[in-house]
Amino acid sequence: MITYKDIKTFQEKDLKDLFESVGWVSAKYSDRLVKALANSDTVISVWDDEKLVGLINLLDDGELTAYAHYLLIRPDYQHKGIGRELLSRVKEKYKNYLYLVLTAENKEVVSFYEKQGFRVTEGASPMTIFTP
């Protein structure tokens, strides 16, 4: 049975398994993921009984802008409405903010986010420094 939880404490192995399932490099830093999620402003996780199958986390300034950092769903649980439900929950929580921002890591997910009400910001270029 799928359940949604507003928690910030996770077992390192659960996070490692989830992030590896989607091929994200963050899986190599699962000990740091535990700390990062504990320090996030909002984390909503998705469970199938005891199995972590997805999550979203956000960082916010408490007033104007919230940034969705991670949104990931195990591949075998994708296309079942879980991502849509996670975004619905955070859009409700942050409905009084001016901006809810996320970065689509690849072009394939842009249409999904657009269906959820997000728009590509013309002229903007997300930028990153990766320091493993």
If you check TYR77 against the conditions, is it within 17 Å of ILE2 (Cβ to Cβ), open to solvent by 20 Å² or more (accessible area, probe 1.4 Å), touching a strand residue (DSSP E or B) at 6+ places or on another chain (Cβ under 8 Å) and of a type in the set (Phe, Trp, Tyr)? yes
Could you list, in sequence order, all residues of region 59-74 that are open to solvent by less than 70 Å² (accessible area, probe 1.4 Å) and more than 17 Å from TRP24 (Cβ to Cβ)? ASP60, GLY62, THR65, ALA66
Mind checking which residues of region 90-118 are open to solvent by 60 Å² or more (accessible area, probe 1.4 Å), at pLDDT below 95, closer than 16 Å to TYR67 by Cβ and of a type outside the set (Ser, Thr, Tyr)? GLU105
Kindly indicate whether VAL43 is among the β-branched types (Val, Ile, Thr) and in contact with a Pro (Cβ under 9 Å, 6 or more places away or on another chain). no
Can you say whether ARG32 is in a helix (DSSP H, G or I), open to solvent by 40 Å² or more (accessible area, probe 1.4 Å), touching a residue at least 24 places away in the same chain (Cβ under 8 Å) and closer than 28 Å to SER125 by Cβ, as far as the supplied structure shows? no
Which of the residues belonging to region 35-58 are of a type in the set (Asp, Glu) and surrounded by 15 or more Cβ atoms within 10 Å (Cβ to Cβ)? ASP41, ASP48
Going through region 58-100 one residue at a time, which ones are assigned to a helix (DSSP H, G or I) and β-branched (Val, Ile, Thr)? ILE82, VAL90
Within the set of pairs 6+ apart or on separate chains, which have a first residue in region 107-132 that is within 25 Å of GLU92 (Cβ to Cβ), a second that is open to solvent by 100 Å² or more (accessible area, probe 1.4 Å), and C-beta atoms under 7 Å apart? GLN116/ARG84
Count of residues meeting criterion [within 18 Å of TYR4 (Cα to Cα) and free of Cβ contacts under 8 Å to residues at least 24 places away in the same chain] in region 89-106: 1
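The values are calculated or read from the model by the stated rules, or taken from the named source; none is laboratory data. In this text the structure is predicted, and so the values were computed from the model without any measurement. Positions of Cβ are generated from backbone atoms using ideal geometry, with glycine treated the same way; all protein chains shown enter the neighbour counts. The accessibility values were calculated without ligands, DNA or RNA, using every heavy atom of the protein model including side chains. Shrake-Rupley method; radii C 1.70, N 1.55, O 1.52, S 1.80 Å.
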